[in-house]
Amino acid sequence: MFGWNRFHKSKPCVLLQHLATRRTSSTPPRLVLGIETSCDETGAAVLDETGRILGESLHSQKEVHLKTGGIIPTVAQRLHEENISRVVQEALDRSGVAPSELAAVATTVKPGLALSLGVGLRFAGRFVKLHDKPFIPIHHMEAHALTVRMLQRVDFPFLVLLVSGGHSLLALARGIDDFLLLGQTLDEAPGDTMDKVARRLSLIKHPKCSVLSGGQAIEVLAREGDRLKFQFRSPMGQHYDCNFSFAGVRNQVTTAIIKKEKEEGMEQGRLLSCVHDIVAGTQHTVASHTAKRTHRAILFCQARGLLPRDDPTLVVSGGVASNEYIRETLRIVTDATGLRLLCPPAKFCTDNGVMIAWNGVERLKEGKGIVSFTQDVQYEPKAPLGRDISTEVRDAQIKLPLLKLKIKN
């Protein structure tokens, strides 16, 4: 019986470890099906262990949630339930792979929206039981961190910045399941902040933004704005750690919006004349705050000898990592500190089945985290990434040198 109400902390059985690690040069590449339902994207993909994408499918709920002004968990759950069977079958059909040919099934089980995670886990449970396949539970943030290794060679250890609508953190990746957490958001994620600012400004009513997410709308309109017209402060300037506070940015922007609405005699819900300048200032402050915390993380890792001397790397992933302005701000930091900056293509930064399948491949290769379909697995909406050493970063009291951010909007 494949139970899904408890999580066995036991190690993978010896047989599964043996099967996962015993390979010969004549053995054909093993195939992994990945399933993603942590938030509002229903994704599936089939990969071989070389990282070749054989087939994938993705159903986005973005348009539905744009109309409701944000993600409603019960709506997200219903849409996952309506689409997951089709999405998985499409990925299999496009790959030309039968379920019997799969080596394992990998599925996101943490962290994320509880109702969304439950849909993917229940589906995967039925699937692996029906086809007698090993199961690989996936940590969503680990998958984001490791996606770049599917695209090019990136050896451990490397620094990783994950920024999205639901998460913001800095960590040192030392292995596929070995992370040191340097800092994380204390309130809300940067994508969430930009979405809320976009809703407060009613950007969906702008002719260029009617089908864009809040973050995308801000990036588009900021190109026509002056980021210096509204000089919002980067939060936590006197906190010498790597944590983030994007709610602090949002509070400043909201105050400025209210003031301009009064000055222009404008009711909430109508577009302000200075909307381009407000979003340019918002994007710049989010980018600046992110860059400063990342800069401190780099200096901390360098001081502690945690990064290699040859080709030290910063990997940036998550939905917000597709913002070009934020990428260029981070490039100024990596150029100044001697790191290589790597960002997966935008389609791999957002949630998708490919990154889950790849994380499954990495685990399959090392024989880590593989469970039998007879074992119980539980989803975990709130799950930390690795070992938290953020207090060590704070205690180091690293002050940042001044860097000039010369970026075009």
*Inside region 84-105, can you point out the residues that are among the small types (Gly, Ala, Ser), within 15 Å of Ile35 (Cα to Cα) and without any contact (Cβ under 8 Å) to a residue 40 or more places away in the chain?*
Ser85
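Please pick out the residue among Gln268, Gln302 that is of a type outside the set (Asp, Glu), surrounded by fewer than 23 Cβ atoms within 10 Å (Cβ to Cβ) and within 18 Å of Thr334 (Cβ to Cβ).
Numbers: Gln268 fails: within 18 Å of Thr334 (Cβ to Cβ).
It is Gln302.
Do the conditions hold for Gly360, that is, is it at positive phi, touching a residue at least 60 places away in the same chain (Cβ under 8 Å) and either assigned by TED's automatic domain parsing to the domain that holds Pro137 or in a helix (DSSP H, G or I) (or both)? Write out each step before concluding.
On the way: at positive phi: no; touching a residue at least 60 places away in the same chain (Cβ under 8 Å): yes; either assigned by TED's automatic domain parsing to the domain that holds Pro137 or in a helix (DSSP H, G or I) (or both): yes.
No, not satisfied.
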*Does Pro73 meet the test of being touching a strand residue (DSSP E or B) at 6+ places or on another chain (Cβ under 9 Å) and surrounded by fewer than 20 Cβ atoms within 10 Å (Cβ to Cβ)?*
no
*Among residues belonging to region 305-342 that are on the phi > 0 side of the Ramachandran plot and in contact with a strand residue (DSSP E or B) (Cβ under 7 Å, 6 or more places away or on another chain), point out the one that is surrounded by the fewest Cβ atoms within 10 Å (Cβ to Cβ).*
Asp311
*Could you please let me know if Leu180 is touching a strand residue (DSSP E or B) at 6+ places or on another chain (Cβ under 8 Å) and either closer than 21 Å to Gly360 by Cα or in a loop (DSSP other than H, G, I, E, B) (or both)?*
yes
*asked:* I'm told Leu169 meets every condition in (1) in a strand (DSSP E or B); (2) free of Cβ contacts under 8 Å to residues at least 24 places away in the same chain except one. Can you identify the failing condition by its number?
replied: (2)
*Picking from Val128, Val148, Val119, which residue would you name as being within 30 Å of Arg296 (Cα to Cα) and crowded, with 22+ Cβ neighbours inside 10 Å?*
Val148
*Of all residues in region 363-386 being of a type in the set (D, E, K, R) and out of contact with any strand residue (DSSP E or B) (no Cβ under 7 Å at 6 or more places or on another chain), the one that is surrounded by the most Cβ atoms within 10 Å (Cβ to Cβ)*: Lys368
*Is it the case that region 333-349 has a residue that's closer than 17 Å to Arg153 by Cβ and among the basic types (Lys, Arg)?*
yes
*Return a yes/no flag: does region 42-59 have any residue that is under 21 Å from the mean Cα position of the chain (by Cα), surrounded by fewer than 24 Cβ atoms within 10 Å (Cβ to Cβ) and among the hydrophobic types (A, V, I, L, M, F, W, C).*
yes
*Name every residue in region 49-72 that is in contact (Cβ under 8 Å) with a residue 60 or more places away in the chain and closer than 26 Å to Arg126 by Cβ, in order of residue number.*
Glu49, Ile53, Glu56, Ser57, Leu58
*In the list Leu130, Leu181, which residue meets the criterion of being of a type in the set (A, V, I, L, M) and touching a residue at least 40 places away in the same chain (Cβ under 8 Å)?*
Leu181
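Residue-by-condition table, conditions (1) assigned by TED's automatic domain parsing to the domain that holds Leu186; (2) among the polar types (S, T, N, Q); (3) within 28 Å of Val160 (Cα to Cα); (4) not in a loop (DSSP other than H, G, I, E, B):
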residue	(1), (2), (3), (4)
Leu228	yes, no, no, no
Cys242	yes, no, yes, no
Ala247	yes, no, yes, yes
Thr290	yes, yes, yes, yes
*Got at least one residue in region 153-165 being among the polar types (S, T, N, Q) and either assigned by TED's automatic domain parsing to the domain that holds Leu221 or in contact with a Gly (Cβ under 7 Å, 6 or more places away or on another chain) (or both)?*
yes
*If you check Val320 against the conditions, is it closer than 21 Å to Glu219 by Cα, hydrophobic (A, V, I, L, M, F, W, C), within 19 Å of the chain's Cα centre (by Cα) and not in a helix (DSSP H, G or I)?*
no
*Criterion violated by Pro345 - all others in (1) touching a His at 6+ places or on another chain (Cβ under 6 Å); (2) surrounded by fewer than 19 Cβ atoms within 10 Å (Cβ to Cβ) satisfied*: (1)
*Could you check how many residues of region 179-225 are polar (S, T, N, Q), within 18 Å of His276 (Cα to Cα) and either surrounded by 17 or more Cβ atoms within 10 Å (Cβ to Cβ) or in contact with a Cys (Cβ under 8 Å, 6 or more places away or on another chain) (or both)?*
3
_I'd like to check something: does region 134-144 contain any residue that is surrounded by 15 or more Cβ atoms within 10 Å (Cβ to Cβ), at positive phi and within 21 Å of the chain's Cα centre (by Cα)?_
no
*region 356-398: number of residues that are within 30 Å of Lys292 (Cβ to Cβ), among the charged types (D, E, K, R) and modelled with pLDDT of 95 or more*: 5
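The values are calculated or read from the model by the stated rules, or taken from the named source; none is laboratory data. Quantities reported herein were computed from a predicted structural model and do not represent experimental measurements. Cβ sites come from the backbone with ideal geometry, for glycine too, and all protein chains shown count toward neighbours.
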